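*Asks:* Sharing a structure, written as structure tokens. Questions coming.
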Amino acid sequence: MLNRRKFIASSALTAVGTYLFSKNAGDKQISADEEKVNDIASIIATWPNEKATTAAWLKLSETNYSLDAVEAGARVPEADVLDTSVGYGGYPDRDGRVTLDACIMDEKGNAGSVVFLEGIMHPISVARKVMEKTPHVMLAGGGALKFALAEGFKTENLMSDHARVTWEKWLTDNNYHPGNHDTIGILAVDAKGRLCGACSTSGWAFKMNGRIGDSPVLGAGLYVDGTVGAAACTGLGELVLKNLCTFLCVEFMRQGKSPQEAAKLAVNRLFEKIPGLANDTSKQVGIVAMNVKGEYGAWAVHDNFKYTINKEGVNTVVDSKFGK
Ligand code: ASP
């Protein structure tokens with residue numbers, strides 16, 4: 001089984017490599033910020049997310065479709081009770097409700113999204129059903145839940161004991177500020193050059209009830225143009241929403257920038273628009289990007305953003321570059 005996986009997996013990467021060389025070998029200018037321009041991977045995800053990228057890789061080896069891979073990857077932190085910012089175990093909002101946001105996008109530009117979904121462990125899979133089974137893109141709250149139940153998903157209590165205790169403590173000494181947050185954004189390209197992405201989060205810990213972040217909004221938390229590239233964001237969703245960072249990043253790739261340079265330019269737009277951002281470490285945004293050739297990169301507003309890449313089944317966690 002492992003041999004078979006390894007074989008299929010290397011064929012997938014070889015095919016991506018062949019595609020790379022047949023398309024534009026040697027005709028790209030490499031700037032100082034583009035050190036990863038010729039480096040290719042099958043999968044990239046926000047944060048140290050090795051279990052997710054491994055699950056995505058195994059699924060890619062099984063079905064050879066990057067959409068299956070990104071869904072499988074996002075499902076890992078969704079089901080991980082120790083991950084306090086995605087799915088089960090995610091910190092609740094101020095009112096003690098765990099509300100989930102997720103979206104998925106395929107290589108043809110099809111997309112599905114759920115926002116403010118409660119009680120369903122795998123919002124990413126509901127988002128995929130929205131994409132595949134409805135004429136809509138986004139379902140919210142009770143409507144999203146109704147749809148999920150009709151599709152056979154089961155409701156579960158997603159509030160872990162740890163999340164409840166942390167929330168109760170927050171209620172006593174919070175000054176009413178929201179808490180920490182993270183997101184899994186995951187992008188993958190398969191042997192046929194199909195680029196897909198997924199994004200899932202429980203959003204800001206202790207956010208206002210009803211708050212929706214960037215993660216389920218196409219062009220904000222995730223954007224895929226299967227002819228160009230894809231990007232996913234993590235960090236302060238409000239900044240990402242106001243600047244549509246992933247759409248912008250993909251547009252820079254369309255103009256010929258490498259994924260890393262595109263991510264940097266998108267982050268620089270934030271510096272331009274938000275006075276004082278460079279000195280305000282409370283406001284972090286990280287972007288991961290990949291193009292249809294499997295070239296990848298990332299950039300962040302501040303230090304301490306990491307991302308995970310998977311090449312032929314091997315994960316590497318990388319410190320993202322950051323700043324202007
Ligand atoms: N972007 C997410 C949100 O604002 C949180 C994060 O990725 O840190 O909901």
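The values are calculated or read from the model by the stated rules, or taken from the named source; none is laboratory data. For clarity, every value in this text was computed on a predicted model and none was experimentally measured. All Cβ positions, even for glycine, are placed from backbone atoms using ideal geometry, and neighbour counts span all protein chains on display. Each accessible area value is taken on the protein alone, full model and side chains, heavy atoms only, with ligands, DNA and RNA left out. Shrake-Rupley method; radii C 1.70, N 1.55, O 1.52, S 1.80 Å.
*Asks:* Could you give the C-alpha radius of gyration of region 109-155 expressed as a fraction of 2.2 N^0.38 Å, taking N as the number of residues it contains? If you can, show how the numbers build up before the last one.
*Replies:* Values: Rg = 9.2 Å, N = 47, 2.2 N^0.38 = 9.5 Å.
Dividing the Cα Rg of region 109-155 by 2.2 N^0.38 Å gives 0.97.
*Asks:* I'd like to check one number: the per residue accessible area of the chain, probe 1.4 Å, reported in Å² as a whole number. Don't jump to the answer; show the numbers that get you there.
*Replies:* Values: 13410 Å² over 324 residues.
On a per-residue basis, the chain sits at 41 Å².
*Asks:* So, with +1 on the Cβ of K and R and -1 on the Cβ of D and E, and no other charges, what is the size of the charge dipole of the chain about its Cα centre, to the nearest 20 debye? Before the final figure, lay out the partial values.
*Replies:* Working: 35 positive and 37 negative charges, 101 e Å.
The calculated dipole for the chain is roughly 480 debye.
*Asks:* To one decimal place, what orientation-averaged projected area in nm² is obtained for the convex hull of the Cα set of the chain? Could you put the intermediate results ahead of the total?
*Replies:* Details: hull surface 63.4 nm².
The orientation-averaged projected area of the Cα hull of the chain comes to 15.8 nm².
*Asks:* Moving on. Multiply the residue gap between Q255 and T172 by 0.36 nm, knock off their C-alpha separation, and tell me the result in nm, one decimal place. Each step should come with its number before you reach the end.
*Replies:* Working: separation 83, 0.36 × 83 = 29.88 nm, distance 5.03 nm.
Result: 24.9 nm gained on full extension.
*Asks:* Helix 2-24: angle to the longest alpha-carbon principal axis of the chain, degrees 0 to 90, nearest 10?
*Replies:* Roughly 60 degrees between the two axes.
*Asks:* Continuing with the same structure: Say the cut-off is 31 Å between C-alpha atoms; which of K154/K264; K59/K321; K154/K207 go over it? Don't jump to the answer; show the numbers that get you there.
*Replies:* Details: K154/K264 41 Å; K59/K321 29 Å; K154/K207 25 Å.
The answer is K154/K264.
*Asks:* State, to one decimal in nm, how far the label point of V317 lies from the label point of N209, with both points 7 Å from Cα in the Cβ direction.
*Replies:* 3.6 nm
*Asks:* Quick check: net charge around M131, other residues with Cβ under 14 Å of its Cβ, Lys/Arg +1 and Asp/Glu -1? Could you put the intermediate results ahead of the total?
*Replies:* On the way: positive: K108, R128, K129, K133; negative: D68, E71, D106, E107, E132, E151.
Net charge around M131: -2.
*Asks:* Moving on to the next point. At 222 nm, what value in deg cm²/dmol follows for the chain if DSSP H runs of at least 4 each add -39500 (n - 2.57) and the sum is divided by all its residues, to the nearest 500? Write down the numbers at each step before the final one.
*Replies:* Values: 9 runs with 117 residues, N = 324.
It lands at -11500 deg cm²/dmol.
*Asks:* By how many degrees, 0 to 90 and rounded to 10, does the Cα axis of helix 259-273 deviate from the longest principal axis of the chain?
*Replies:* Value to nearest ten degrees: 50.
*Asks:* Between D39 and T63, what length comes free when the chain is fully extended (0.36 nm per residue of separation minus the Cα-Cα distance, one decimal in nm)?
*Replies:* Details: separation 24, 0.36 × 24 = 8.64 nm, distance 2.41 nm.
Gain on stretching D39 to T63: 6.2 nm.
*Asks:* Which residues among region 38-59 fall inside the zone where the amide N is under 19 Å from a point 7 Å beyond the Cα of H162, along Cα→Cβ?
*Replies:* 47-53
*Asks:* Further, regarding this structure: Express the carbon and sulfur contribution to the solvent-accessible surface of the chain as a percent, rounded to the nearest whole number, probe 1.4 angstrom.
*Replies:* Here it works out to 52 percent.
*Asks:* Here's another thing I want to ask about it. Of V318, L82, P275, whose Cα points farthest to the positive end of the dipole of the chain (charges on the beta-carbon: +1 Lys, Arg; -1 Asp, Glu; origin at the Cα centre)?
*Replies:* Value: V318.
*Asks:* A further question on this structure: Sort 191-199, 65-73 for me by packing, meaning the mean count of neighbouring Cβ atoms within 10 Å per residue, highest on top. Before the final figure, lay out each step's value.
*Replies:* Details: 191-199: 25.2, 65-73: 27.3.
Top to bottom by mean Cβ count within 10 Å: 65-73, 191-199.
*Asks:* Starting from 0.36 nm per residue, how many nanometres of slack lie between F271 and L149 once their C-alpha separation is accounted for? Walk me through the numbers on the way to the answer.
*Replies:* Numbers: separation 122, 0.36 × 122 = 43.92 nm, distance 4.27 nm.
Result: 39.7 nm gained on full extension.
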